[in-house]
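Notes follow once the structure below has been shown.
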Amino acid sequence: MAFASDARLAPAWLRILPQDSGLLIFTFHSLFESVQEVDEGLLDPQQAITAAMFRAFVADFQAHGYRFVSPDQIADGLKSPGKYAMITFDDGYANNLRTCPVLEEFGVPAVFNISVNHVATGKPFWWDVVYREASKRKWSSEQLNRSRVALKQMRTQQAEEQIVAEFGRLSFRSVSDLDRPFAPKELADFARHPLVHIGNHTWDHAILTNYAAHEVREQIQKAQEYLCELTGRVSRAIAYPNGNLSRQIVDAARSAGLGLGLTIRPGRNPLPKSPSTAVRLQLRRHTLWGDLDIATQCCVARSPISLQSAMIAIRSKVAGMA
């Protein structure tokens with residue numbers, strides 16, 4: 001069951017909770033035109049967010065007095081107290097071009113964190129290949145999840161080699177404009193949009209805790225250099241693939257000149273007093289889901305209550321409506 005947004009679905013007690021000062025960051029991946037497109041199975045739907053849901057999210061936060069900001073504005077320091085939000089998209093899907101009408105309508109910036117070698121070579125994202133092949137073979141969700149977990153313990157090249165060995169080389173390809181990464185010229189053109197900011201997502205979408213220290217540095221620095229050469233701009237933010245990080249990984253990001261680091265831990269980010277604080281390299285991000293009401297999830301993200309408790313309440317409400 002998928003929702004766009006209807007604030008009436010948010011419990012009254014959740015809507016009236018106070019909203020704290022701070023920075024809320026949201027992570028997305030693909031952007032679908034419709035729920036029907038999600039169901040076509042051309043790629044792993046992940047959050048299953050449609051363009052209408054994305055628009056509802058942006059409109060909701062602006063209506064509640066939030067200012068959407070860019071990495072440059074965060075790095076330069078945000079005035080406290082204040083209510084701020086930032087939009088991020090990870091991986092580098094070409095379907096992210098669909099964000100432009102919403103960004104332009106509301107005048108809000110967004111950060112697109114790019115897995116660079118996918119752009120450079122056009123190769124597909126391995127999780128989409130696994131999702132499609134698992135669907136063909138009618139795997140259970142448990143079997144698919146076990147496969148994902150196992151592959152995430154590997155370096156990207158090892159994961160891709162295992163997928164080819166299991167499903168065949170012909171399986172390892174993009175099948176549509178929906179699941180493919182940006183082409184280099186396409187990304188360069190996109191990066192020139194005044195509301196678009198390009199971030200680092202490593203060279204290979206490398207889950208960096210699987211790599212040696214020198215490989216971590218190479219994955220980050222090589223991506224920085226390519227993106228700078230392609231776009232003419234230095235990326236200021238890195239999204240750590242799968243959210244995996246360590247002190248060593250944070251140090252490597254800082255050494256590469258990155259000022260913002262994005263995790264997948266949910267929560268509100270305080271407004272640090274110093275632009276150089278290490279907090280900026282371990283920023284928290286919320287995730288929105290297409291099978292839950294967007295307005296209710298926005299209320300949860302803005303509220304000071306326990307995210308986990310609130311999400312349990314929302315899940316229970318959805319189960320009752322199904």
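Filter region 74-105 for residues that are at pLDDT below 95, surrounded by 15 or more Cβ atoms within 10 Å (Cβ to Cβ) and assigned to a helix (DSSP H, G or I) and give the result. If the condition is that a residue be at pLDDT below 95, surrounded by 15 or more Cβ atoms within 10 Å (Cβ to Cβ) and assigned to a helix (DSSP H, G or I), then ILE74, ALA75 are the ones that fit. For ALA301, indicate whether it is crowded, with 16+ Cβ neighbours inside 10 Å and modelled with pLDDT of 95 or more. In short, no.
Checked against the criterion of being in contact with a helix residue (DSSP H, G or I) (Cβ under 7 Å, 6 or more places away or on another chain) and in a helix (DSSP H, G or I), the candidates VAL250, VAL234 yield just one match: VAL250. Restricting the search to helices (runs of 4 or more DSSP H) fully inside region 106-214 and requiring at least 1 residues that are of a type in the set (Lys, Arg) and crowded, with 17+ Cβ neighbours inside 10 Å gives 126-136.
The values are calculated or read from the model by the stated rules, or taken from the named source; none is laboratory data. Keep in mind the model is a prediction, meaning the values are calculated, not measured. Counting neighbours? That spans all protein chains shown, and the Cβs are built from the backbone with ideal geometry, glycine included.
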